[in-house]
Amino acid sequence: LSFESGFKLSRGPGLLNASAFYYDYEDFQAFVFTTASGVVRNVDSKVYGVDLEAGYQVTDALRLGATLAYTHASIDDFEISPGIFRTVRPPYSPREQASATANYKLPGAVWGGRLSFNALVSYAGKTYHNIRNFEAQEFDARTLVNLSATWTSEQNGLYVTLFGKNIFDERYGQIGFDNTVIFGAQNV
């Protein structure tokens, strides 16, 4: 079952979008590592949250934007090991996420085209790489910064972009495997 409600509001230079949602899954497929492989268990799961987006055209050249999301995903009474049950979060599901962006277009032509710049800061809260949600399987929250510059030809629409992703070299876990039964460690 899926329920969602929200609104989109655009007035002059600003916009505001918001939505709230609730998902009730029956037979959600939850993957659990066991020894060198894993099994899929079909369990019930509930997810609810809110998404917010705001934008504002400050000047003809500058546009600012921001997003904010809160998601509560849980599986109640999940058997994390034989006879041990607890409420867990599905893997890779941060509770909080946010971003802020700024776009700036230089006034006037540059080399026969338009030059624009973009900065994006994004945040994601902590997650687990395993459904058991053990502390050793937790990825810390992360904040990433991306920058770009784009030149667009005024004659034919050709464009060239120079970009830097994760410019502060934030180190964070992307995927993990529970190999404690095999060799007593987590692979991240």
Is one or more of the residues making up the range 149-168 among the charged types (D, E, K, R) and touching a Phe, Trp or Tyr at 6+ places or on another chain (Cβ under 8 Å)? no
Regarding Y123, is this residue in contact with a Phe, Trp or Tyr (Cβ under 7 Å, 6 or more places away or on another chain) and either under 27 Å from V47 (Cβ atoms) or modelled with pLDDT of 95 or more (or both)? no
Output for the range 6-39, where each listed residue is farther than 30 Å from V58 by Cβ, of a type in the set (S, T, N, Q), part of a strand (DSSP E or B) and open to solvent by 60 Å² or more (accessible area, probe 1.4 Å): Q29, S37
What is the number of the single condition among (1) within 21 Å of Q174 (Cβ to Cβ); (2) in contact with a Gly (Cβ under 9 Å, 6 or more places away or on another chain) that Y22 does not meet? (1)
Scan of the range 67-102 for residues that are under 14 Å from Y123 (Cβ atoms), surrounded by 15 or more Cβ atoms within 10 Å (Cβ to Cβ) and not β-branched (V, I, T), ordered by number: L68, A69, Y70, P94, R95, Q97, A98, S99, A100
Pairs with Cβ under 6 Å, 6+ apart, first in the range 8-28 and within 30 Å of F78 (Cβ to Cβ) and touching a residue at least 24 places away in the same chain (Cβ under 8 Å), second among the hydrophobic types (A, V, I, L, M, F, W, C) and exposed (fewer than 14 other Cβ atoms within 10 Å of the Cβ): Y22/F3
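The values are calculated or read from the model by the stated rules, or taken from the named source; none is laboratory data. Predicted model only: the values in this text are computed from it and were never measured. Using ideal geometry, Cβ is built from the backbone for each residue, glycine included, and neighbour counts are taken over all protein chains shown. Each accessible area value is taken on the protein alone, full model and side chains, heavy atoms only, with ligands, DNA and RNA left out. Shrake-Rupley method; radii C 1.70, N 1.55, O 1.52, S 1.80 Å.
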